[in-house]
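The values are calculated or read from the model by the stated rules, or taken from the named source; none is laboratory data. Everything quoted here is computed from the prediction, not taken from an experiment. Reconstructed Cβ throughout: ideal geometry from the backbone, glycine too, with neighbour counts over all protein chains shown.
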Amino acid sequence: MNNPHGHRTYFRSFLLHFRPRNVPERTLRLSLTWGLGGTALVLVFLLIATGLMLKFVYEPFPDRAYESVLYLNSNVPFGQLIRNIHWLSANGLVLVVFLHLLRVFYTGAFTRPRQLNWIIGLAAFAAVVLSNYTGYLLPWDQVSYWAITISTSMLDYLPGVGTNLKEWVLGGSEPGPGTLVNFYAIHTAILPALLLIALPFHFWRIRKAKGLVIPRSMDEDPDTQGELVDTMPHLIVREVAMAVLVLAVILVVAMLFNAPLTDQANPGLSPNPTKAPWYFVGIQELLMHFHPVFAVLVIPLTLFIGLLSIPYLKYDTDSSGVWFVSQKGRGLALLAVAVAIAGTVAGVLLDEQVFVNGVIGSPDMVSTGLLPFAIILGFCTGFYFLLKKGFKASNNEAVQALFTLLTTAFVVLTVIGIWFRGTGMQLMWAG
Ligand code: HEM
């Protein structure tokens, strides 16, 4: 080879098929991305790699599944470790993608020309959650069996189509051989394929938008670019360092703690309490306070449509690249967090302790289900008017505060469901 730097040149030109030649120096700041999108990508690769290995041992049949996991844990070299890494990456991914969504939202990185990428991101998020959900059942232990039983039974409440949909998902009327075949196929083929289509699309849109949103302060012009630096080494070195860190953390934690595995599934004996997988516990908690149609359909659907429409709402200013829109935006978001925590906790306690047979959740109200929903809707509308009229918030600040209110409320419901519900799903004071 004539060129003494041949390999380096090939590597560089290979790399430049994927990355731009140079990037704005400001987008390299950790305080822009917190490495969350990259971490998510590393976790996706880890999941695919360990998932492929698990496929060699795992058997998707009710009488074999649990035993195959036991066999993996004790007889396959590094089997337990591989399962631990898969479990940790799967749950970590749900959390990391959620945090990545929050960072994209709070830096206004969803506005033109990034609107479509927000939607693609949401599709990837849905694929991530469903991947986790379909994988949850596979070990066929007590916790997984009953978590899937309780969460699929929520489908029964969907008017008209509910029961048919549930039976289609389960491949029968309750979790059984059909369910494992369905979940296994969806988990190991359909969702990974969807994710592998969505992600390149996601990264291509970042290129189309000429890179990440450029962080700036409020008083800087939205077109501020700052200095450009070479992708190699500046960006690549940071990405590799982050990937190595993520791998190291996952490996250490996977060596210290084992992925949970309870007794083999026993369809005749439900554990008490029976909880949905952690990311659906918020919906399970909603079910305890609202008419089921509102808890499993109206509220989640409204929130989902709200999320989809975020990039297409009307805003007063271009706040892309500015964390929390403005100083006032930051204050109002904090106010929303406080109101959501106080309001959700008070609402749950009131519903449980005071109004057990009273207003919210009383049998006649359950039959229409309208009152609790109307209360929440009224509360959110009131909060919006307080922001607009009382605090003279811009549209950007008001949308941000409302998003914060709802997101925090959902997180609080999830926390209550996971840590503050014990036997019979009664409220209790600790884990
Ligand atoms: C498996 C899921 C996902 C992966 C692997 C992923 C990966 C990434 C990566 C690597 C970046 C660039 C670096 C960074 O921002 O950290 C990025 C940017 C971006 N992501 Fe994601 N993402 C995922 C899900 C989402 C979700 C759920 C959303 C929003 C609903 C989203 C919206 C965006 C947007 C709009 C950008 C561009 C941000 C900017 O210009 O600053 N992504 N994503």
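The listed residues are LEU334, LEU313, and the only one of them that is at pLDDT 95 or above, within 16 Å of the ligand (Cβ to nearest atom) and of a type in the set (A, V, I, L, M, F, W, C) turns out to be LEU313.
All told, VAL42 meets the bar of being hydrophobic (A, V, I, L, M, F, W, C) and crowded, with 19+ Cβ neighbours inside 10 Å.
Among helices (runs of 4 or more DSSP H) lying entirely in the range 341-431, which contain 1 or more residues that are modelled with pLDDT of 95 or more and under 19 Å from VAL325 (Cα atoms)?
370-385, 395-419
The sole residue among PHE110, PHE125, PHE61 that is assigned to a helix (DSSP H, G or I) and modelled with pLDDT of 95 or more is PHE125. For first residues located in the range 32-54 and within 27 Å of ASN73 (Cα to Cα), partners that are near the ligand (Cβ under 7 Å from one of its atoms) and lie 6+ apart or on another chain with Cβ distances below 6 Å form the pairs ALA40/VAL97; ALA40/HIS100; LEU43/LEU93.
Among the residues of the range 242-261, those that are among the β-branched types (Val, Ile, Thr) and surrounded by 15 or more Cβ atoms within 10 Å (Cβ to Cβ) comprise VAL246, ILE250. When residues in the range 45-65 are screened for being surrounded by fewer than 19 Cβ atoms within 10 Å (Cβ to Cβ) and either within 11 Å of the ligand (Cβ to nearest atom) or of a type in the set (Ser, Thr, Tyr) (or both), 1 of them pass.
Answer with yes or no whether GLY171 is touching a strand residue (DSSP E or B) at 6+ places or on another chain (Cβ under 6 Å) and in the same structural domain as TRP146 (by TED's automatic domain parsing). It is false that GLY171 is touching a strand residue (DSSP E or B) at 6+ places or on another chain (Cβ under 6 Å) and in the same structural domain as TRP146 (by TED's automatic domain parsing). Among residues of the range 7-25 that are under 21 Å from PHE201 (Cα atoms), those with a beta-carbon under 9 Å from a residue that is of a type in the set (Asp, Glu) at least six positions away or on a different chain give the pairs ARG21/ASP230; ASN22/ASP230; VAL23/ASP230.
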